[in-house]
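For reference, the structure discussed in these notes is given below.
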Amino acid sequence: MLTLEKAKLFLRVDTDFEDELITGLIASTIPYIETATGLDAESQANEPLVDTVQSFLVMSWYERGYSDTSVDRAVDSLLKTIKAKAALRCNVDG
């Protein structure tokens, strides 16, 4: 899962001024990813691709309207991949 420190590095933020905002954005990614993939928070913590998706989502939301088609496509592709991996695990596990 994405930490505040990792998010700040990704965003290139070196002050503590917006820590509360960034922390809130990180927290918001968890239900967003759950809705898109079906993975609960515990399962997200065990999926390495979640960090990447969280980073892109936080960047997009932090930049207040930042929109880049390539970032949007990357997020969509990552979410689909995470969802497919979760489905495979469910089929294998049970």
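Taking the criterion of being in a helix (DSSP H, G or I) and surrounded by 13 or more Cβ atoms within 10 Å (Cβ to Cβ), the residues of region 28-40 that qualify are Ser28, Thr29, Ile30, Tyr32, Ile33, Glu34, Ala36, Thr37. Note on region 5-18: residues that are surrounded by 14 or more Cβ atoms within 10 Å (Cβ to Cβ) and not small (Gly, Ala, Ser) amount to 6. With Ser28, Ser60 as the choices, which residue is in contact with a Phe, Trp or Tyr (Cβ under 6 Å, 6 or more places away or on another chain) and closer than 30 Å to Cys90 by Cβ? That would be Ser60, the only listed residue that is in contact with a Phe, Trp or Tyr (Cβ under 6 Å, 6 or more places away or on another chain) and closer than 30 Å to Cys90 by Cβ. State whether the residues of region 4-23 include one that is assigned to a helix (DSSP H, G or I), out of contact with any Cys (no Cβ under 8 Å at 6 or more places or on another chain), under 20 Å from Thr81 (Cβ atoms) and free of Cβ contacts under 8 Å to residues at least 12 places away in the same chain. Within region 4-23 (the criterion being assigned to a helix (DSSP H, G or I), out of contact with any Cys (no Cβ under 8 Å at 6 or more places or on another chain), under 20 Å from Thr81 (Cβ atoms) and free of Cβ contacts under 8 Å to residues at least 12 places away in the same chain), the answer is no, since none of the residues qualifies. The listed residues are Asp51, Asp72, Asp68, and the only one of them that is more than 22 Å from Thr3 (Cα to Cα) and among the acidic types (Asp, Glu) turns out to be Asp68. If you go through region 1-46 and keep only what is under 11 Å from Val58 (Cβ atoms) and aromatic (Phe, Trp, Tyr), you end up with Phe10, Tyr32.
The set of residues in region 53-85 being open to solvent by 70 Å² or more (accessible area, probe 1.4 Å) and among the aliphatic types (A, V, I, L, M) is empty.
The values are calculated or read from the model by the stated rules, or taken from the named source; none is laboratory data. On a predicted model such as this, the values are computed, not experimentally measured, just so you know. Using ideal geometry, Cβ is built from the backbone for each residue, glycine included, and neighbour counts are taken over all protein chains shown. Protein only, heavy atoms only, side chains kept; ligands, DNA and RNA dropped before computing areas. Shrake-Rupley method; radii C 1.70, N 1.55, O 1.52, S 1.80 Å.
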